[in-house]
Amino acid sequence: MSLAAVRAALDAAPSADTVTLARSTRNALAQAVLAEALTHEPPAPAEHLPPLEALRDRLGAQLAAELAAVYVGGPDWTAHAIDALAPLHELVRG
C-alpha cells in the first residue's frame, strides 16, 4: 500500500490548522493500515523528508516522531501509525 495519502496529509502541515491536519492524517493512517493488513505490500519510498518542524509545532515532538516514522515507510511503519491514531483522534475531538 502506498502511503501517498498519509504523506500528502503530513506535507500540508505548514499550511493546515491543527484540527484539519489531525483529521486528515488520522483518516489517511487508518486507511493505510487497513490496506496494509489486506495486501501486505511494502510502501513506495518517500520522495522527500516529512515537514518535521511544522509537525512538531502543531502536534508536539512525540507525535511528530511517530508520524515521521510512518512517512518514511520503514518495516515497522504500521506500529507507528497505530500509536499515532489515538492522539490524533484526541486532537480532532478537541
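The values are calculated or read from the model by the stated rules, or taken from the named source; none is laboratory data. It should be emphasised that the depicted structure is a prediction, and the values quoted were computed from it without experimental measurement. All Cβ positions, even for glycine, are placed from backbone atoms using ideal geometry, and neighbour counts span all protein chains on display.
Taking into account only those residues within the stretch 9-24 that are of a type in the set (Gly, Ala, Ser) and outside any loop (DSSP other than H, G, I, E, B), which is surrounded by the fewest Cβ atoms within 10 Å (Cβ to Cβ)?
The first filter runs over the stretch 9-24 and keeps only residues of a type in the set (Gly, Ala, Ser), leaving 9, 12-13, 15-16, 22, 24.
From what is left, the residues that are outside any loop (DSSP other than H, G, I, E, B) are 9, 22, 24.
Details: ALA9: 23, ALA22: 24, SER24: 19.
Top of the filtered list is SER24.
Looking only at the stretch 67-82, which residues are within 23 Å of GLU53 (Cβ to Cβ) and either crowded, with 17+ Cβ neighbours inside 10 Å or modelled with pLDDT under 95 (or both)?
Step one: list which residues in the stretch 67-82 are within 23 Å of GLU53 (Cβ to Cβ), which gives 67-74, 77, 80-81.
Residues satisfying the conditions are LEU67, ALA68, ALA69, VAL70, TYR71, GLY73, GLY74, TRP77, HIS80, ALA81.
Name, by its number, the condition in (1) of a type in the set (Gly, Ala, Ser); (2) in a helix (DSSP H, G or I); (3) surrounded by fewer than 19 Cβ atoms within 10 Å (Cβ to Cβ) that does not hold for ALA44.
Condition (2) is where ALA44 drops out.
What number of residues within the stretch 13-67 satisfy the criterion of being of a type in the set (D, E, K, R) and either touching a strand residue (DSSP E or B) at 6+ places or on another chain (Cβ under 9 Å) or closer than 15 Å to HIS80 by Cβ (or both)?
3
Mind listing whichever residues of the stretch 37-55 are under 21 Å from ASP76 (Cβ atoms) and within 14 Å of the chain's Cα centre (by Cα)?
Of everything in the stretch 37-55, those that are under 21 Å from ASP76 (Cβ atoms) and within 14 Å of the chain's Cα centre (by Cα) turn out to be PRO43, ALA46, LEU49, PRO50, LEU52, LEU55.
Return the only residue of SER24, SER2 being polar (S, T, N, Q) and out of contact with any helix residue (DSSP H, G or I) (no Cβ under 6 Å at 6 or more places or on another chain). I'd like the intermediate steps shown before the answer.
Numbers: SER24 fails: out of contact with any helix residue (DSSP H, G or I) (no Cβ under 6 Å at 6 or more places or on another chain).
Testing whether each residue is polar (S, T, N, Q) and out of contact with any helix residue (DSSP H, G or I) (no Cβ under 6 Å at 6 or more places or on another chain) leaves just SER2.
Within the stretch 25-37, can one find any residue that is β-branched (Val, Ile, Thr) and surrounded by fewer than 18 Cβ atoms within 10 Å (Cβ to Cβ)?
Within the stretch 25-37, none of the residues are β-branched (Val, Ile, Thr) and surrounded by fewer than 18 Cβ atoms within 10 Å (Cβ to Cβ).
Give the residues of the stretch 47-56 that are in contact with a helix residue (DSSP H, G or I) (Cβ under 6 Å, 6 or more places away or on another chain) and outside any loop (DSSP other than H, G, I, E, B), sorted by residue number.
Selection gives LEU52, LEU55, ARG56.
Taking the condition of being in contact (Cβ under 8 Å) with a residue 24 or more places away in the chain and assigned to a helix (DSSP H, G or I), how many residues in the stretch 77-94 meet it?
Result for the stretch 77-94: 11.
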